[in-house]
1. If you take the C-alpha gyration tensor of region A:304-386, multiply each eigenvalue by 5 and take the square root, what semi-axes do you get, largest first, in whole Å?
2. If I model a spin label as a point 7 Å beyond the Cα along the Cα-Cβ vector, how far apart are those points for B:Ser49 and B:Ser386 in nm?
3. What are the ³J(HN,Hα) couplings of region B:253-261, residue after residue, when phi is run through the Karplus curve with 6.51, -1.76, 1.60 and θ = phi - 60°? Round to Hz, x for glycine and proline.
4. Just to be sure I understand: if I project the alpha-carbon convex hull of region A:178-222 onto a plane and average over all orientations, what area do I get in nm²?
5. At 7 Å along the Cα-to-beta-carbon direction for both B:Arg210 and B:Gln158, put a label point, then send me their distance in nm to one decimal.
6. Could you check how many percent of all C-alpha pairs in region B:244-308 are farther apart than 20 Å?
7. Please report, in cubic angstrom per residue, the volume enclosed by the convex hull of the alpha-carbon atoms of region B:334-455.
8. Hey, could you grab the Kirkwood Rh for region B:441-497? Inverse mean 1/r over distinct alpha carbon pairs, Å, one decimal.
Amino acid sequence: MTDLTRLTAAETAAKIASGETSAVEVAQAHLDRIAAIDEKVHAFLHVDSEGALAAARAVDDKRARGEKLGPLAGVPLALKDIFTTEGVPTTVGSKILEGWIPPYDATLTKRLKAADIVILGKTNMDEFAMGSSTENSAYGPTSNPWDLTRIPGGSGGGSSAALASFQAPLAIGTDTGGSIRQPAAVTGTVGVKPTYGGVSRYGMVAFSSSLDQGGPCARTVLDAALLHEAIAGHDPLDSTSIDAPVPPVVEAARNGDVKGLRVGVVKEFAGEGYQAGVMQRFNESVELLRELGAEVVELSCPSFTYALAAYYLIAPSECSSNLARFDGLRYGLRTGDDGTRSAEEVTSLTREAGFGPEVKRRIMLGTYALSSGYYDAYYGSAQKVRTLITRDFERAFADVDVLVSPTTPTTAFPIGERADDPMAMYLADLCTIPANLAGNAAMSLPCGLAPEDGLPVGLQIIAPALADDRLYRVGAAVEAAFTTRWGHPLLEEAPTL
Amino acid sequence: MTVTEDLVSYEDALAAYDPVMGLEVHVELGTKTKMFCGCSTELGAPPNSQTCPTCLGLPGSLPVVNAVGVESAVKIGLALNCEIAEWCRFARKNYFYPDMPKNFQTSQYDEPIAFNGYLDVEVDGETFRVEIERAHMEEDTGKSTHVGGATGRIHGAQHSLLDYNRAGIPLIEIVTKPIVGAGAKAPEVAKAYVAELRELIKALGVSEARMEMGQMRCDVNLSLRPIGEEKFGTRSETKNVNSLRSVERAVRFEVQRHAAVLGTGGKIVQETRHFHEEDGSTTSGRIKEEAEDYRYFPEPDLVPVAPSREWVEELRATLPELPRVRRQRLQAEWGISDHEMQSVLNAGAIDPIVATIDAGAPADQARKWWMGELARRANESGTELSALPISAAQVARVCELVAEGTLNDKLARQVIEAVLLGEGDPDQVVEQRGLAIVSDDSALGAAVDEAIAANPAVADKVRDGKIAAAGALVGAVMKATRGQADAGRARELILERLGVQG
């Protein structure tokens, strides 16, 4: 019998549509898998077995009635715990929202449901999406299925680990500085940060509003495209959502091709701090693109050097304002309300107990950066750098169709290694941050295992804003060529757990 | 509230100092929905019944700008002779307060939608130009009710109740430039400005601007500088001065208080102050030792507002006649003095009078009834003139009945009283109460004969040519007919009977 958890999303949907299996069987297989192995991985914060089975039954009923099923009907999905789900807990990996049951669905949640996708549960993440390892979750870290002593990336480590350990064929992530791509890279999965405004942020708990972007995570490029199509598109409830047709991502994913494509390699994404094995696999990827008919040019984006610094002013500034609402008055945790304390004291105690150290660090950084007298030097300068980075991209895309780089300078590091060194942790997002600052679309997909540690390496592809389809066209070609070269998908080499 | 402050007399204060004012007026727009979500703005609903994830600031929620709110803001800007921004953004004003769900207010900071305008106001027939710094869009907060304390303030309260129905209601904040040169008239200028602004907002139809309902709220900033000096003094900020009279009183009080402090070598502390309706005083609120740091930054959840020039011009073309221009036109049409026009304005009678004229009444008659009998009754019942239960058409009909001779003034007053009591239209009242003038000669004749017979001495005087004495006989006829007689016809009959030419 086929192991239903090893199928791609496209295969799963086809088997359900043809009646070869049922959505309930598929959901149950995944729930069983979660029950069996998630103790080791800790990808999920909350498993909604009842909701998942009910949604699956609804798909089977639909099919029984002869209704047409969507391309992902009945396919299970792991939802990052940053999107609100009506009646299902949403914690954002924080103690401060422990016990909160949202009264409404995020637009993305609604779209998943409308597409008959079966939501298995909510996945672990760095608290408020602040981190690159999922170690900042208030509910304990998630392990990398390739090596349980290592981090699965972050902030969306729960989603990437769920995919890599075959607990779900699809997942949702959010990417503020790399939180979809970096976890994808270190777990050998595919993750896409759509163009800013491509996927609605309504109901996605805000970290840094001008950078946050939800997107698809999967084990194949085509699966990511199918999910991308299901969740993308204009939302009148999100003013920053793009009012334009969704780029033809599925068509692009079905027609991988790089012939005649101009590919740019950014000089600044190399050098000190980049692991040798990562650079080796990246250089092989560039060679592969050449072999497949792409024209590769090296170019310089000098402002990228300042991207990390700008990001660590803009993101904390916005977060210091976005997180001000967590005051213990209306929802979530409330600490110290014993009838003798003032509202201000209760708020203070609630935040003390409810926010973790990284969140507090960023709130303080941002509060400082926005303060009168410092605003111009910090937030103002950072916005100028952001403009310069956008111009660097514009110049680059005048010359090439896509840019490529390693997704992350190193492979998955051991849990605990960088926990006390925020700067080292921040460097994990060195290559991913520029695309967030400029609002471009970007993807990470597997390009092999680093020889020195046998851990997955990610190839990042960056496309101009609104050209998300290019990612899929290039990604599908690279994926097909690598799969042929390796003889199987990379994840086949992961431990079975 | 006891006034603990020493005050100097207003005249002494003005002899030494020049008052400088700044007025900040918040107007709640009358949009159907809130500024950033689709919740209703209807007043009086049960607490928290008009809320959603966005106006409650729930995690994940996002704002969307109310287009009608922007349109209203542009209209106000245009009516205040402002420039309208071609491109402007919202900003977050970060501060903590329990009735503010997000703990920041979505407002505008250095990019207001309208700026650099003015509003001309009149005080004692003189025009005074108040310059406008800016008008910007923002959202209202929720409402806190503090329970258990002595004063209704948060201090000493056992617990607080929060109602977020008001949270997110669109506000326009209109800020003046420093108002200098008003001198002794500063309190009147402040009052006239707020009054004129209210008229303008109402004329634009963007808000009912009812101050007693909190739809329009005023903060009064005031400082004094010694006469002849350039530099402004330290200001106090008196918050929530919520009636026209209070605006005037707050300015006057602060002038006297500042003068007392400065006169004894003291220093004015920059602080917010509370105004007390009972005695017109202000007391210290919180002291602003340093300017509060709101950490403004552009609101990343909203896209910029960029009103196209074509749209702005379209709106400009649809602006109604502005109140001051309209008053000037009406004053000329009615041929009345500045003083009379001011009384009409103060009585809130302009719209009722115009409506009555539109319903067919002559201007002087419409004015007479609204400023006389109706103003008196409104005053007695403590209601606004426009809230009296009589329509302009009904008043116009009363005027018509008087002109036709069916009613005289005394009867007309009775008809109006009956209409106000809900007895129906004027014609119905005349019919039901039998109030029409008695003018047929047979009915009148008897009354006239009786009057002559009862007053032989007066009758003789009239016969001797003292025609003015006939008034006493007319009075007797009126008394006998309980006022229903046609006084003119009665006089004619009397003179006829006594053989005298009228």
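Derivation of every value follows stated rules applied to the coordinates shown; laboratory data play no part. Source: prediction; values computed, not measured. Using ideal geometry, Cβ is built from the backbone for each residue, glycine included, and neighbour counts are taken over all protein chains shown.
1. Values: eigenvalues 196, 29, 15 Å².
Over the Cα atoms of region A:304-386, the ellipsoid semi-axes are 31, 12, 9 Å.
2. If labels sit at B:Ser49 and B:Ser386, their model points lie 2.7 nm apart.
3. For region B:253-261, the Karplus curve yields 4, 5, 4, 5, 5, 4, 4, 5, 5 Hz.
4. Details: hull surface 13.6 nm².
The directionally averaged projection comes out at 3.4 nm².
5. 3.3 nm
6. On the way: 1084 of 2080 pairs.
That tail contains 52 percent of the Cα-Cα pairs.
7. On the way: hull volume 17.0 nm³, N = 122.
So the per-residue Cα hull volume is 139 Å³.
8. Working: mean 1/r = 0.0927 Å⁻¹.
Result for region B:441-497 stands at 10.8 Å.
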